[in-house]
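What follows is a single structure, written as structure tokens, with notes after it.
The values are calculated or read from the model by the stated rules, or taken from the named source; none is laboratory data. Worth saying up front: this structure is predicted, and the values here are computed from it rather than measured. Don't worry about glycine lacking a Cβ; one is built from the backbone with ideal geometry, like all the others, and counts go over all protein chains shown. Just the protein is used for accessible areas: all its heavy atoms, side chains included, with ligands, DNA and RNA removed. Shrake-Rupley method; radii C 1.70, N 1.55, O 1.52, S 1.80 Å.
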Amino acid sequence: MVRGDVKTITAAAEQAGLSREHLSRELSRPHIAKLLQEKVARNLAMSSARAGATKVDLLDSANDMVRDRASSFILGLTGHSPDAAGSNRPGGGQRAGWIIDLSEPTQPGIVIHVVHPTEQSAAAARAGRSEEPSRTIIDVTPNPSS
């Protein structure tokens with residue numbers, strides 16, 4: 001199962017010459033579960049080198065989208081991504097929440113920001129200190145009476 005030769009416990013049990021029930025019971029034993037986790041971790045460590053080489057090879061792809069995604073992924077691993085810099089957010093910076101952009105591509109429209117307060121801004125609000133508006137929850141529920 002770790003190597004991917006079999007996909008199910010039933011197939012693994014058949015390959016090992018055990019009943020599915022017996023293998024399932026054995027896999028739930030702590031020392032066997034730990035051994036299985038170690039084997040998975042070792043397999044992933046070995047495979048990560050191949051995966052990294054594949055991403056680097058994709059930088060030379062003839063397909064522009066493949067090259068773009070590979071380069072964005074590699075840059076993201078090193079912290080050089082649009083999300084890390086906050087360049088796709090008005091005002092910059094990394095914030096929690098969602099941005100809902102209802103504008104048309106040819107003309108600006110409504111952009112709704114929904115931001116969850118940080119622990120610091122929540123504590124400041126409880127203490128009666130004002131915080132910057134971007135650290136509050138903005139209710140964007142449509143009002144049916146209007």
Assess whether Leu18 counts as being at negative phi, of a type in the set (A, V, I, L, M) and open to solvent by 50 Å² or more (accessible area, probe 1.4 Å). yes
Given (1) open to solvent by 70 Å² or more (accessible area, probe 1.4 Å); (2) within 29 Å of Phe73 (Cβ to Cβ); (3) modelled with pLDDT of 90 or more, where does Arg25 come up short, assuming only one miss? (2)
Do we find that Leu36 is out of contact with any Phe, Trp or Tyr (no Cβ under 7 Å at 6 or more places or on another chain) and either modelled with pLDDT of 90 or more or assigned to a loop (DSSP other than H, G, I, E, B) (or both) in this structure? no
For the range 52-79, how many residues meet the condition of being loosely packed, with under 12 Cβ neighbours inside 10 Å and at pLDDT below 90? 3
